[in-house]
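First the structure, in the form of structure tokens, and then the observations on it.
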Amino acid sequence: MEIKVEFIKGPTKNTNIEVGSIINHIGERVGLHGSVYKIRRMSDFAFVLLRTKREVVQCIYSKDYAEFDLEVLKEESCIKLTADIIKEDRSKSGWELRMIDVEVLSEPIAESPIVINNKLVDTSLENLLDYRPITLRNEKERAIFKLQAGICHGFCKYFLEQSFTEIHSPKIVSAGAEGGANIFHLNYFGKDAFLAQSPQFYKQMMVGVYERVYEIAPVFRAEKHDTSRHLNEYISVDFEIGYIESFEDIMMMEVGMLRYALEELQANYTHELELLKITLPNLEKIPSIKFMEAKDLISEKYNRSIKDYEDFEPEEEKLLSEIIKKETGSDFVFVTHYPTAKRPFYAMEDPSNPHVTLSFDLLFRGLEISTGGQRIHSYKEQIQKMKRLNMNIELFETYLMIHKYGMPPHGGLGLGLERFTSKLLNQDNVRLSTLFPRDINRVTP
Ligand code: ATP
Ligand code: MG
């Protein structure tokens, strides 16, 4: 039997130009499309701001040349526009965009309950998040996530250059990797399962396969408290590398990846950086301090008594960052050699002092943005440690295959994408750099 098929004939008839290329069309009549962001009526003409993919572009409406009535335009209508690009030396861009004709593709049936077309969305955090599908249309709001995309793009470019392989590990898992109570339980067809707190076990397994792997994906933490730094679902930027000489190799790799991201923003995201008035931090050298020394330093400089010798209180992270900024000018600081008691069972202990691990956190402007370290690769050592911690070894049988059947010295880290973005943008709440945050009070939108 003869099968009848057709082939897509593309490209479509859409010949609309991009805002970035307007400069090449001076003196021409062109097509553009976008949403009507704002209409500003003056006495005998109007400014119509058109929101396109990336830029908001100013158009001029005047009865002198327009072939349509301004009344057909509503804010948030999606339109196809025919416009004349006129040379205009008095304008910063060197051109003026005159609206000649429009085709309205769709129009809103209601007025937005939140004003989204001012410089800032002037409302509470609650409203900002409740109305996310529309508040994200605000020019500055969407710039945040364009920058976040740029950060990821920079990371990926770096990983590619460093011969990493991208992986996608499962998010439904049979055991938690990070320990602690903040794990979501699932009823998995009558069996126990969990939402992944991190891709830890899988990225280690994949080091045995590809030596260097990375993943940028959601992870889940059942944080029961309402803080400005915790989400219940966040994007974890994870990498894991084999054949390391020391855990400092991991820190070097992190510096490289962060530098690349900032370079990417500097090179290709100036539009958003200028819109949000962001100056990028200096990443030339990152100071590093041992955990215990940091504790003592904070206690000495701020005359604080130390309550917890095993972990930082959030306030201490802020204070340490303050000291480091003052002393070295750096917005970043590595803290190394965290106490064994507070690190997971797979963390390698310092051979010269088993009370501390070959691990580190990176603090940025007063907040932990990543945790990493060297992992135990010897089967014997790992089993001994698990026994010491009274863990049920059977539960980790598949994970332990890697140790059993041979693993190189290795380690890696996880970095919270939202935390990094929010600190880079000087925000005081991680939710502001989360598209659709999940927290203890929120699962919508
Ligand atoms: P914290 O002490 O702030 O609760 P953590 O030490 O428990 O964080 P890790 O398990 O070390 O977190 O996770 C690695 C990174 O992932 C953190 O440095 C942080 O950037 C990010 N992260 C961890 N938990 C969250 C969360 N609930 N929301 C957003 N980001 C998170
Ligand atoms: Mg941590």
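The values are calculated or read from the model by the stated rules, or taken from the named source; none is laboratory data. As the structure is a prediction and not an experimental result, all values here were calculated from the model. Positions of Cβ are generated from backbone atoms using ideal geometry, with glycine treated the same way; all protein chains shown enter the neighbour counts. Ligands, DNA and RNA are stripped out before the accessible areas are found, and what is left, the full protein with its side chains, is counted by its heavy atoms. Shrake-Rupley method; radii C 1.70, N 1.55, O 1.52, S 1.80 Å.
General observations
- From the list F201, F184, F247, F239, the lone residue that is open to solvent by 50 Å² or more (accessible area, probe 1.4 Å) and among the aromatic types (F, W, Y) is F184.
- Meets criteria (touching a strand residue (DSSP E or B) at 6+ places or on another chain (Cβ under 8 Å), open to solvent by 70 Å² or more (accessible area, probe 1.4 Å) and within 16 Å of ligand 2 (Cβ to nearest atom)) for E317: no
- Test result for V57, among the β-branched types (V, I, T), open to solvent by 20 Å² or more (accessible area, probe 1.4 Å) and not assigned by TED's automatic domain parsing to the domain that holds H271: no
- Residue in region 264-275 that is within 30 Å of H410 (Cα to Cα) and surrounded by fewer than 19 Cβ atoms within 10 Å (Cβ to Cβ) present: no
- Those residues of region 1-40 which are open to solvent by 90 Å² or more (accessible area, probe 1.4 Å) and closer than 20 Å to N138 by Cα, in sequence order: E18, R40
- Region 387-408 residues that are assigned by TED's automatic domain parsing to the domain that holds K203, paired with ones that are of a type in the set (F, W, Y) and modelled with pLDDT under 95 (beta carbon under 7 Å, 6 or more apart): none
- Any hit, region 364-376, residues being assigned by TED's automatic domain parsing to the domain that holds E317 and free of Cβ contacts under 8 Å to residues at least 12 places away in the same chain: no
- Where K326 falls short, out of the listed (1) farther than 20 Å from G179 by Cβ; (2) more than 16 Å from ligand 1 (Cβ to nearest atom); (3) of a type in the set (K, R); (4) touching a residue at least 12 places away in the same chain (Cβ under 8 Å): (4)
Conditions tested, residue by residue: (1) in a loop (DSSP other than H, G, I, E, B); (2) more than 16 Å from ligand 2 (Cβ to nearest atom); (3) over 30 Å from G242 (Cβ atoms); (4) free of Cβ contacts under 8 Å to residues at least 24 places away in the same chain.
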position	(1), (2), (3), (4)
T82	no, yes, yes, no
I85	no, yes, yes, no
D89	yes, yes, yes, yes
V104	no, yes, yes, no
N127	no, yes, yes, yes
K140	no, yes, yes, no
L147	no, yes, yes, no
Y158	no, yes, no, no
P170	yes, yes, no, no
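Residue-by-condition table, conditions (1) farther than 30 Å from R142 by Cα; (2) of a type in the set (F, W, Y); (3) in contact with a helix residue (DSSP H, G or I) (Cβ under 8 Å, 6 or more places away or on another chain):
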position: K387; (1), (2), (3): yes, no, yes
position: N390; (1), (2), (3): yes, no, no
position: I393; (1), (2), (3): yes, no, yes
position: F396; (1), (2), (3): yes, yes, yes
position: G406; (1), (2), (3): yes, no, yes
position: F420; (1), (2), (3): no, yes, yes
position: K423; (1), (2), (3): no, no, no
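- Screening region 380-431 for residues that are aromatic (F, W, Y) and either open to solvent by 40 Å² or more (accessible area, probe 1.4 Å) or farther than 12 Å from Y346 by Cα (or both) and picking the one that is farthest from ligand 2 (Cβ to nearest atom) gives Y405.
- Any hit, region 391-412, residues being in contact with a strand residue (DSSP E or B) (Cβ under 8 Å, 6 or more places away or on another chain), within 16 Å of ligand 1 (Cβ to nearest atom) and part of a strand (DSSP E or B): yes
- Some residue of region 198-210 being within 28 Å of P314 (Cα to Cα), within 16 Å of ligand 1 (Cβ to nearest atom) and either within 18 Å of the chain's Cα centre (by Cα) or at pLDDT below 95 (or both): yes
- Just one of the listed residues (Y309, Y338) is under 14 Å from A294 (Cβ atoms), open to solvent by 30 Å² or more (accessible area, probe 1.4 Å), in the same structural domain as H403 (by TED's automatic domain parsing) and of a type outside the set (S, T, N, Q), namely Y309.
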